[in-house]
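Notes follow the structure.
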Amino acid sequence: MKVLSIEWISNTETGVMPGFIRMIDQTKLPVELVYLDTTDIKVVWEAIKTLRVRGAPAIGVAAAMGLAAALQDSKSSGEKLLHEAEKHADYLATSRPTAVNLFWALERMKKVARENSGLSPEVFKERMVREAIAIRDEDAAMCRAIGEHGVKLIKDGQTVLTHCNAGALAVAEYGSGLAPIYAAQARGMKVRVFADETRPLLQGARLTAWELMQAGIDVTLICDNTAAVVMKEGRIDLVMVGSDRIAANGDAANKIGSYGVARLARAHGIPMYFLAPTSTIDMSIPSGDCIPIEERGADEVTCGFGRRTAPEGVKVYSPAFDVTPAEFITAIVTEKGIAYPPFGEKLQEWML
């Protein structure tokens, strides 16, 4: 089954305008496969904020498409239309703070808006939609390239541990952290996956396990606190995860718990790989200490999925991400290749 987390739908001859965004509502998985169709920027903002669409690259695509969709019915032109586009972009940027792809995609859309503000409103709007589609298509191509590079790190018959979801659901198509596994499958290699459940929202259980089963890949679900045991038992050969932001020195932010997995992997002599498109690299941030970390609401921990599991009024600390220092990362894989420590020079080269 081919999973597309997000796409632009238009029944016109050009496939551009008018159109709408179609997203998988990931909060419904794995029980239901439900699609959310919209052109409403408020719906897109809410979808990003509440994790209906999630994964750093997919968030960027959703924001770009949300901006373009919101402009379709605008009656403005010229500078007023440009101001409207920038206002929409600034609004979407408030949805989540950590994944740099969100801001990268919106800045790219604002640049196109500024460059085309002197054109007729219809041409302006069409170019905005085309740019959003291009961001989606480029992300899909980058993820396939990540898979082609990352598969070199996997041997036939090995078992990969992954944390959270960095597959097709987290990007435009194919995946980042899971891309090498799909590439290995395409080559006829036998690869097994152990998927951490990923508390508190269970992206590994709800999304990664579902996605890999749909693709016919051998996957075993484990509780987060089982990772150390399966490593000790020799069941894990390597760890592959995605990333939401990579600092200039190679420190990498990913779903909360990734840092703990990295420390465990180091203790057991297991390589730890972070995989992401170069749009995830933020050279303006010198180290992971400067990466803003989103904090989620207490209810996700105390009353997750509608059932109370902690006493009312208990204090909760729930960061959505943590940062793995570069010293615990074996390699970083992007669409441009594989980087080994020290990472700074290679990351700089990739971003030129």
Checklist entry - Within the set of pairs 6 or more residues apart or between chains, which connect a residue that is more than 14 Å from VAL241 (Cβ to Cβ) inside the range 327-344 to a residue that is small (Gly, Ala, Ser) and assigned to a strand (DSSP E or B) with Cβ atoms less than 7 Å apart? => result ILE338/ALA331; ALA339/ALA331; TYR340/ALA331
Item to check | Enumeration of residues in the range 322-352 that are assigned to a helix (DSSP H, G or I) and surrounded by 11 or more Cβ atoms within 10 Å (Cβ to Cβ) | outcome: ALA326, GLU327, PHE328, GLY344, LYS346, LEU347, GLN348, GLU349, TRP350, MET351
Checklist outcome for this item: When restricted to VAL112, VAL61, the only residue out of contact with any His (no Cβ under 7 Å at 6 or more places or on another chain), among the aliphatic types (A, V, I, L, M), in a helix (DSSP H, G or I) and over 24 Å from ALA320 (Cβ atoms) is VAL112
Next on the checklist: Could you check the range 149-163 and list, in sequence order, the residues that are part of a helix (DSSP H, G or I) and of a type outside the set (D, E, K, R)?
Outcome noted: HIS149, GLY150, VAL151, LEU153
Checklist entry - Identify, please: which residue in the range 115-143 is touching a residue at least 40 places away in the same chain (Cβ under 8 Å) and in contact with an Asp or Glu (Cβ under 8 Å, 6 or more places away or on another chain) and is, among those, surrounded by the most Cβ atoms within 10 Å (Cβ to Cβ)? => result CYS143
Item to check | Positions within the range 86-101 being more than 17 Å from ALA252 (Cβ to Cβ), touching a Lys or Arg at 6+ places or on another chain (Cβ under 8 Å) and among the hydrophobic types (A, V, I, L, M, F, W, C), in sequence order | outcome: ALA89
Checklist entry - So which residues in the range 65-88 are free of Cβ contacts under 8 Å to residues at least 24 places away in the same chain and in a helix (DSSP H, G or I)? => result LYS80, HIS83, GLU84, LYS87
Item to check | Those residues of the range 164-207 which are of a type in the set (Asp, Glu) and either surrounded by fewer than 23 Cβ atoms within 10 Å (Cβ to Cβ) or in a loop (DSSP other than H, G, I, E, B) (or both), in sequence order | outcome: GLU173, GLU197
Checklist outcome for this item: Subset of the range 297-321, residues in contact with a Ser or Thr (Cβ under 6 Å, 6 or more places away or on another chain) and surrounded by 17 or more Cβ atoms within 10 Å (Cβ to Cβ), comes to VAL301, PHE321
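Could you tell me which residue of the range 36-58 is surrounded by the fewest Cβ atoms within 10 Å (Cβ to Cβ), considering only residues that are in a loop (DSSP other than H, G, I, E, B) and not hydroxyl-bearing (Ser, Thr, Tyr)? Steps first, please.
From the range 36-58, those in a loop (DSSP other than H, G, I, E, B) are 39-40, 50-55; that's our starting set.
After this cut, where a residue has to be not hydroxyl-bearing (Ser, Thr, Tyr) as well, the list is 40, 51-55.
Numbers: ASP40: 14, LEU51: 19, ARG52: 19, VAL53: 28, ARG54: 26, GLY55: 32.
The selected residue is ASP40.
No lab work stands behind these numbers, since they all come straight from the coordinates. Note that this is a predicted model, so its numbers are computed, not measured. Because the Cβ atoms are built from the backbone with ideal geometry, glycine has one as well, and the counts that use them run over all protein chains shown.
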